[in-house]
1. Report, in degrees rounded to the nearest 10, the 0 to 90 angle that the Cα long axis of helix 293-317 makes with the longest principal axis of the chain.
2. Determine, for region 403-592, the count of lysine pairs separated by eight or more sequence positions (or lying on different chains) whose alpha-carbon distance falls under 25 Å.
3. Just going by the charge dipole of the chain, with Lys and Arg at +1 and Asp and Glu at -1 on Cβ, which of 309, 296, 508 is farthest out on the positive end?
4. If you place +1 on the Cβ of every Lys and Arg and -1 on the Cβ of every Asp and Glu, how big does the dipole about the Cα centre of region 403-592 come out, in debye to the nearest 20?
5. Against the longest alpha carbon principal axis of the chain, how many degrees, from 0 to 90 and to the nearest 10, is the axis of helix 520-533 turned?
6. How much net charge surrounds residue 32 when only other residues with a Cβ under 10 Å from its Cβ are counted (Lys, Arg +1; Asp, Glu -1)?
7. Give, in nm to one decimal, the length gained when the segment between residue 529 and residue 98 is fully stretched (0.36 nm per residue of separation minus the Cα-Cα distance).
8. Quickly estimate the mean residue ellipticity at 222 nm for the chain, helices only: each DSSP H run with n ≥ 4 gives -39500 (n - 2.57), and the total goes over all residues, rounded to 500.
Amino acid sequence: MSSLLAQAVVFLAAATFVVPLIRRLGFGSVIGYLAAGLLLGPYGIGVVSDVDSVLHFAEIGVVMLLFVIGLELQPARLKLLRRLVFGIGLSQVMVTGLLLTALANYWLGDLPAAVLVGFGLSLSSTAFVLQMLAEKKDLRSPSGRASFGVLLFQDLAVIPLIALVPYLAVTAGDGSPESSPLQQLALAVAVVAAFIMGGRYLLRPLLRLVASSQVHEIFTAAALLLVLGSALLMYSLGLSMGLGAFLAGVLVADSEYSYQLESDIEPFKGLLLGLFFVAVGMAVDLTLLLSEPLLILGLTAVLIVVKLAVLVPIGRLFGYSGRDSIRLAANLAQGGEFAFVLFTLGVANGVLAPEVAGRLVLAVTLSMALTPLLYIASHRLSAQLDRELERPFDDIEETDHQVIIAGFGRFGQIVARILTMKNIPFTALENSSEQVDFVRRFGNKIYYGDASNLELLRSARVDKARVFVLAVEDIENSMRIASAVRHHFPNVKIYARARNRQHAFALMDLGVDGLIRDTLLSSIELSRDILVALGSSIEEADQAAALFREHDEKTLQRQHAIHHDEEALILSAQEAAAQLRRVFDYDAKAKVD
C-alpha cells in the first residue's frame, strides 16, 4: 500500500512540475507528460521499473477519452461539419493510411503489422493540435476549422482500428484460430447491435432515476459505472473496452444528461489520460536515438513528409487556398496519442514486435515535438506565398454612394441589411478574400481590398460619401483605417465599431463622430430580459437599462480625458461604480415616493 501511495505521489509531483515547464517552453501538455515519463522510467532516473502494470491501469484514461468523444457526436454537430469530417477527414485517413501501410510493409515485410502501423501513424494528436490552435487563437481560421474536422474524423476512426487489432492478431498468428475472422466479425456486429438496442431503452430511464435523487456524488458514481461497466462488458465478450465506452457515449450524446456526464468524467479522464502518456513516456527508449539515429530520424521525417504531401493537395481539392492548405498540413503532420494506444494494443496482441513499437513511439514523440516549429514555418511560408501571389484588389465601380462600409463580417452585414431595407446604396469593402468569396455566394455585392490603402479609398470615392462605417474586427487595422479616413477625408463622418473600452478611447482620440462597443447593447438588452424574468415590470427593466446606458456613456466621455493615466482611470472606475449605485438607489426611492 505504501509503495502504491509513493508511486502516486511521484507521478503527481512529476506531472505538476514537468508539464507546466514544458508548456512554458511552447510545447503541449502531451509532450510534458511524455517528458515526465521519460524522467521517471527505466531509461531515466528509474523510479518506476514495472511500466506494463502502470500502462494497463492507465488505459482507463483512454477508455474515458473515447466515452467523451462519443458524447460529442451529436447528430446536429456532425451534420454541420459533415463536409470537413467525412470529406477531408476520410480522405486524409484513407490516403495517408494506405501510403504508410505500403511503406511499412516494405520495411517490416509483415502486412498485418504494416496495416496497424500505417493507419496508426495516419492519426494526428487531437489533444496537442487543439490545445496549440486554442493557444494561438487559430481555431476559427479556415485552416483551424478544417483541422478540427479532420481530427474529429480521426477520433471516429480510432474505434474500428482498435476493434481491428484482434483480427490482425488472428491473421498474423501461426496457429489456427478458434473461429474464422468472418465468424468473429459477425459476433462483434451482433454484440454491438444488442448493446445499442439495450442501451437505447435502458440508459436514459436509469440516468433519469439517478438524477431524481438530486445527490451529485451518486450521479458521478453512475457516470463512472456507465463508462467502466460498458468497457468491462465489451471486454468480457472479447471486444475492445474503448468500443464499449464510445458506444455508451454515443447513446447518451443527445440526451439532457450529456453535459453533466462530460463534466463529471472530465477530471478522471484528464488525470488518467495524463497517467497513460506518462506510462508511454516511461516505455520510450531514448537509447534508440543514440544507437539508431538515422532510422529514428528517418521514420520521423517519412511520417511528416507523407502527411504534408497528402494534406496539401487534399486541402486544395476541397477548395482551400494554398495558404490554408499549407497551414492545415502543418497542423496535422505529426503522429498522435492514439498511435501509442494502437501500438500498445498491437504489442499486447502479438501483432507488433516490442522493439518496432519502441522505435515508432519515439518517432511519433519527435514528430509531436516538432509541431510548434512546423506551425511557425507554415505561417511564414504561407505569408511569403501571399505576398508573391497576392490577389489584386477588386476594381470598384465609379458610383457615388452615401455610405462606405469597411469590414463585412457579422457587424458590417447587419448595418448593410438595414441600409438595404431603407433603399440606401452603399459600397462594402472587406480585406479577407475568403470572406469576400463566402459572402458573394449569398448574392451580396462586396469588393475585396484593404480599406487602410489610400488608393483603394479614393477609388471607392470616399470623398463623395457622407458616412464611413468602420466595422473592422481587428483593432490595429481599424485604427489604421480610421486614421487614413480622418486625415485624408475630413468631411466624411466616421461611425465606428469598438472592440472594447480601450479601443473606444483610441477612436475618440481620432475624433470619430460615433461609436458603439461590440457587446454593450446586447449585454444591456439581455440584462433587461433577466430583470423581467426575475419579477421586474417591463417599464422598470427599460428604465434600469436606460439609466445604465446613460451613465455608462457619460463615464466613457469623462474617462476619455484621463485614459492614459492608469491610476486615475482605476479611481474613476471606482467612483463611477459608486455613483451608479446612488443613481439606482435614487431612482428606486423616487418610485416609492
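Bear in mind that the values in this text are calculations on the coordinates, not laboratory data. Bear in mind that the values here come from a model prediction, so they are computed numbers and not experimental data. Cβ: placed from backbone, ideal geometry, glycine included. Neighbour counts: every protein chain shown.
1. It is inclined by approximately 50 degrees.
2. Here the count comes out as 9.
3. 508
4. 760 debye
5. For helix 520-533, the angle is close to 80 degrees.
6. On the way: positive: 23, 24; negative: none.
Once positives and negatives cancel, what remains is +2.
7. Here the segment from residue 529 to residue 98 would lengthen by 149.5 nm.
8. Value at 222 nm, helices only, nearest 500: -24000 deg cm²/dmol.
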